Amino acid sequence: MTALEAAFYDEAMTTPDALAMAPLDKSPWLPVYELAATFVHPAFPVIDLGCGTGRFAELLYQRGQPSYHGYDYAPAVVAEAARYCATDAFTFAVGDIREWEHGPGLPDECVYVLLEVLEHLDDDLDALERIPPGLPVVFSVPNFWSRAHVRRFLQPRDVFDRYGPLLDFDAWQVLAFPAWGRRIHVFRATRRSEIL
C-alpha cells in the first residue's frame, strides 16, 4: 500500500454511488458483517485492521460488543467511521497495517478482524505474522478482481493453502452475491504458535 492508495480510498467515498457510505442496513456487505459478527467472541475486545467506514463497528455496537479498536489507512475513512459509530467504548485511528504491532495499551485477550483487507496487501502474510500467537482472527477475502485487489481466492482451498501455515481454521463459509456474480469467503481461525 502507498499514500496514493490511501487517497484512492478517501476519494472513493465521495463518488455518488459510494457503496461504503450506504447505511448499515443497506450496505451490500451486510451479509459479510452479520456472519463475521457471529464469529467474534462477544466478551473479547475487537481489533479491526482495515475498519473501513464503521459499518461493521456499528453492527457490533448494536449487538453489545464491549470494546472495539478500529484502524484504517485512509484518514477520511477513519473520520467517517468515528462519525458513523460514535460511542466512547469504540475508538478509531489512522494506522498502516504494514507496520502494525500489537503494542502496549491493547488487550492481551482480543479478536483480530480483517474484513476485505488481505486481498489489498502485497505483504498479507507479514500482516498476519504480526498478530500474536494464540489469538483468534476473523477475516474475509473475495473470489473476484477489483482495481484495488492484488489477489483473489477462487475456492476456500486457495485460502487454506495460502494462510494455513499461519492459521488454524475453526470455521468458514462462502457467501454468494448473485447480483454481482461474486463470492466472499469468511473465516474464523487462530493464529498458530509455530509457523509451519
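The values are calculated or read from the model by the stated rules, or taken from the named source; none is laboratory data. Since the model is a prediction, treat every value here as computed from it, not as a measurement. No Cβ is skipped: glycine too gets one built from the backbone with ideal geometry, and neighbour counts run over all protein chains shown. These area figures cover heavy atoms from the full protein model, side chains too; ligands, DNA and RNA do not enter into them. Shrake-Rupley method; radii C 1.70, N 1.55, O 1.52, S 1.80 Å.
What residue, among those in region 51-80 that are of a type in the set (Ser, Thr, Tyr) and not in a helix (DSSP H, G or I), is farthest from His41 (Cα to Cα)?
So the residue we want is Tyr73.
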Can you tell me which residues in region 154-172 are in a loop (DSSP other than H, G, I, E, B) and within 15 Å of Asp126 (Cα to Cα)? Gly164, Pro165, Leu166
Give region 85-114 a look and list any residue that's aromatic (Phe, Trp, Tyr), over 17 Å from Ala36 (Cβ atoms) and modelled with pLDDT of 85 or more, or say none. Phe92
Selection within region 70-96 - surrounded by fewer than 22 Cβ atoms within 10 Å (Cβ to Cβ) and under 12 Å from the mean Cα position of the chain (by Cα): Tyr71
For region 75-83, check the following and say yes or no: at least one residue is under 27 Å from Arg162 (Cβ atoms), among the β-branched types (Val, Ile, Thr), at pLDDT below 95 and touching a Ser or Thr at 6+ places or on another chain (Cβ under 7 Å). yes
For the list (1) at pLDDT 95 or above; (2) in contact with a Gly (Cβ under 7 Å, 6 or more places away or on another chain); (3) of a type outside the set (Lys, Arg), I need the number of the one condition that Val117 fails. (1)
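Residue by residue, here is whether (1) touching a His at 6+ places or on another chain (Cβ under 6 Å); (2) within 23 Å of Arg55 (Cα to Cα); (3) in contact (Cβ under 8 Å) with a residue 24 or more places away in the chain holds:
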{"site": "Ala86", "(1), (2), (3)": "no, yes, no"}
{"site": "Phe92", "(1), (2), (3)": "no, yes, yes"}
{"site": "Gly95", "(1), (2), (3)": "no, yes, yes"}
{"site": "Val113", "(1), (2), (3)": "no, yes, yes"}
{"site": "Glu119", "(1), (2), (3)": "yes, yes, yes"}
{"site": "Asp123", "(1), (2), (3)": "no, no, yes"}
{"site": "Asp126", "(1), (2), (3)": "no, no, yes"}
{"site": "Pro136", "(1), (2), (3)": "no, yes, yes"}
Report every pair of residues separated by at least 6 positions or lying on different chains whose Cβ atoms are under 9 Å apart, first residue within region 170-186 and small (Gly, Ala, Ser), second part of a loop (DSSP other than H, G, I, E, B). Ala179/Pro28; Gly181/Phe144
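Just to check your reading of the model, which residue among Pro42, Pro31 is part of a helix (DSSP H, G or I), in contact (Cβ under 8 Å) with a residue 12 or more places away in the chain, within 20 Å of Val186 (Cα to Cα) and open to solvent by 10 Å² or more (accessible area, probe 1.4 Å)?
Only one candidate qualifies: Pro31.
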Are any residues in region 21-34 at pLDDT below 95 and over 21 Å from Ala127 (Cβ atoms), and if so, which ones? Met21, Ala22, Pro23, Leu24, Asp25, Lys26, Ser27, Pro28, Leu30, Pro31
Give the number of residues within region 103-145 that are among the β-branched types (Val, Ile, Thr) and either surrounded by fewer than 20 Cβ atoms within 10 Å (Cβ to Cβ) or assigned to a loop (DSSP other than H, G, I, E, B) (or both). 2
